[in-house]
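No lab work stands behind these numbers, since they all come straight from the coordinates. Because the structure is predicted, anything quoted here is derived from the model rather than measured. Because the Cβ atoms are built from the backbone with ideal geometry, glycine has one as well, and the counts that use them run over all protein chains shown.
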Amino acid sequence: MVDSGTVLWGQAIAYTCYVIGAMLLVGWFSYRVTRTRAGGGVPPALFWTFFALLVVCGVSLHIVSYNTIPWSPTDVHRDSIEADKTFLIEVENHEFLLPELPLQIDCHDKVLFEVTSHDLTYGFGLFRADNSMLFQMQVLPGHTNDVLWQFQRNGVYTIRSTEYSGPRGYRMIVPGAVEVTGCPAET
């Protein structure tokens, strides 16, 4: 599974190039539309060619980047994947109740986080040491809330609520909540 930070940078570059290209085409098209000429405006064939080009580029970008999303294969084949570890986490009164601290995870383990809210809607996000988000989900009371994740890198992660749950929600942070070990050292 590719790290979500790597995917984020790759998609940021690809989508930035796409948006710049689209803006240049829109600018050119606007310039051509507003110019007066004897024939009167832009021919319909040119407009529909422009429109089709934007659609093809946008859809192609999504298709090409689909397989780079680290959680896609896990979500698509979820029913046939067996979790190596499951952590039952409860949330109540603006507090995460963890079964142990830290949650110990071995490298390449497929981990199921089952989070239950007993009162409000919360968020459950796992954050790296540099405060970038690894993943997150919304936690609704009375519903099954779980996420299956396979860890590829050693690290200590912080759990934070990623949803507004009232004025006390900003304090819902558990530093050093998850510890992943056993991955080969990065070079």
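Is it the case that some residue within the range 134-142 is surrounded by fewer than 16 Cβ atoms within 10 Å (Cβ to Cβ) and in contact with a Lys or Arg (Cβ under 9 Å, 6 or more places away or on another chain)?
Checking the range 134-142: not a single residue is surrounded by fewer than 16 Cβ atoms within 10 Å (Cβ to Cβ) and in contact with a Lys or Arg (Cβ under 9 Å, 6 or more places away or on another chain).
Can you find, within the range 121-133, the residue that is farthest from the chain's Cα centre (by Cα) among those that are of a type in the set (Gly, Ala, Ser) and surrounded by fewer than 17 Cβ atoms within 10 Å (Cβ to Cβ)?
Taking the candidates together, the pick is ALA129.
Of all residues in the range 85-120 being part of a strand (DSSP E or B) and charged (D, E, K, R), which is surrounded by the most Cβ atoms within 10 Å (Cβ to Cβ)?
Within the range 85-120, the match that is surrounded by the most Cβ atoms within 10 Å (Cβ to Cβ) is LYS110.
For GLU82, state whether it is farther than 24 Å from THR6 by Cβ, crowded, with 17+ Cβ neighbours inside 10 Å and not aromatic (Phe, Trp, Tyr).
no
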